[in-house]
Amino acid sequence: MKFFIDTANLQEIRDAQDLGILDGVTTNPSLMAKEGITGEENVRAHYKAICDSVDNNVSAEVISTVYEEMIKEGESLAKIDDKIVVKVPIIKDGVKAIKYLSNQGIRVNCTLIFTAGQALLAAKAGASYVSPFMGRLDDIATDGVALIQQIVHIFDNYGFPTEVLAASVRHTMHLLQCAEVGADVATCPYKVIVGLLNHPLTDKGLAQFLADHKKAEDAAKVMG
Ligand code: G3P
């Protein structure tokens, strides 16, 4: 499973990249706003800085909701860097935009997916990725991981090349559930990625190893 980081924060992106396990970045207008990035030139410069910090795959979302403007914006975003994947919402004009952009060889991540039907439409239109939001479904007492599993199953049935990119992944259990049901990618905050490291027995075991090593070294010094 690929690991993407879901943030527009450059420090977090660089920290995740430094770990050597990062496969990409997803952003959205809320995450860009959280970093205080406004104005077209600043937004483009920020996407470029993100692209320069990672090996591949940076999702940048269009703001327009009208077909003609969506494709213009998508083409312009794609020109920032080869790593850009244009993120398009699953609305009627979005489906048309996915078809157009993917026909131009531009990779598209179709976002705000909450049903398998939406995912199927996006895949039919040629999306490279669909982003089902599992956490937001769990928020309304609906099983987010069941949706991921359903989409994986449908795409497998027909050999769709579209990758299932689990989004709105809020905690480590979500991430593991995505892996269990075969999501191609999970995008999550930095704290969820590093959260996979945590176990008190690891900390306790390491402290013991180091203490035993020091004891043996000290004893050898006394003897020597
Ligand atoms: O990738 C989409 C993601 O940013 C949404 O996450 O936590 O706002 O539901 P969240």
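Taken together, the values in this text are just the output of simple stated rules run on the coordinates, not laboratory data. Keep in mind that what you see is a predicted model, and the values were worked out from it rather than measured. Here the Cβ is made from the backbone with ideal geometry for all residues, glycine too, and neighbour counts use every protein chain on show.
Kindly list, by first and then second residue, each pair from a residue in the stretch 1-28 that is in contact (Cβ under 8 Å) with a residue 12 or more places away in the chain and over 18 Å from R44 (Cα atoms) to a residue that is among the basic types (K, R) and more than 13 Å from the ligand (Cβ to nearest atom), limited to pairs with Cβ atoms under 8 Å and residues at least 6 apart or on different chains.
D23/K2
On the basis of being surrounded by fewer than 19 Cβ atoms within 10 Å (Cβ to Cβ) and outside any helix (DSSP H, G or I), does L197 make the cut?
So L197 passes the test.
Could you say whether any residue in the stretch 140-159 is surrounded by fewer than 19 Cβ atoms within 10 Å (Cβ to Cβ), within 21 Å of V25 (Cβ to Cβ), without any contact (Cβ under 8 Å) to a residue 40 or more places away in the chain and more than 12 Å from the ligand (Cβ to nearest atom)?
No, there is no match, as no residue in the stretch 140-159 is surrounded by fewer than 19 Cβ atoms within 10 Å (Cβ to Cβ), within 21 Å of V25 (Cβ to Cβ), without any contact (Cβ under 8 Å) to a residue 40 or more places away in the chain and more than 12 Å from the ligand (Cβ to nearest atom).
What's the total number of residues in the stretch 103-154 that are in a loop (DSSP other than H, G, I, E, B), under 16 Å from the mean Cα position of the chain (by Cα) and not hydrophobic (A, V, I, L, M, F, W, C)?
2
I'm trying to understand the selection: among the residues of the stretch 1-45, which are assigned to a helix (DSSP H, G or I), within 16 Å of the ligand (Cβ to nearest atom) and of a type in the set (D, E, K, R)?
Result: E12, K34.
So how many residues does the stretch 154-166 have that are touching a helix residue (DSSP H, G or I) at 6+ places or on another chain (Cβ under 7 Å) and within 16 Å of F3 (Cα to Cα)?
Residues in the stretch 154-166 being touching a helix residue (DSSP H, G or I) at 6+ places or on another chain (Cβ under 7 Å) and within 16 Å of F3 (Cα to Cα): 2 in total.
State which residue is farthest from the chain's Cα centre (by Cα) when the search covers only the stretch 164-183 and only residues that are within 16 Å of the ligand (Cβ to nearest atom) and surrounded by fewer than 17 Cβ atoms within 10 Å (Cβ to Cβ).
Filtering the stretch 164-183 for residues that are within 16 Å of the ligand (Cβ to nearest atom) and surrounded by fewer than 17 Cβ atoms within 10 Å (Cβ to Cβ), the one farthest from the chain's Cα centre (by Cα) comes out as M173.
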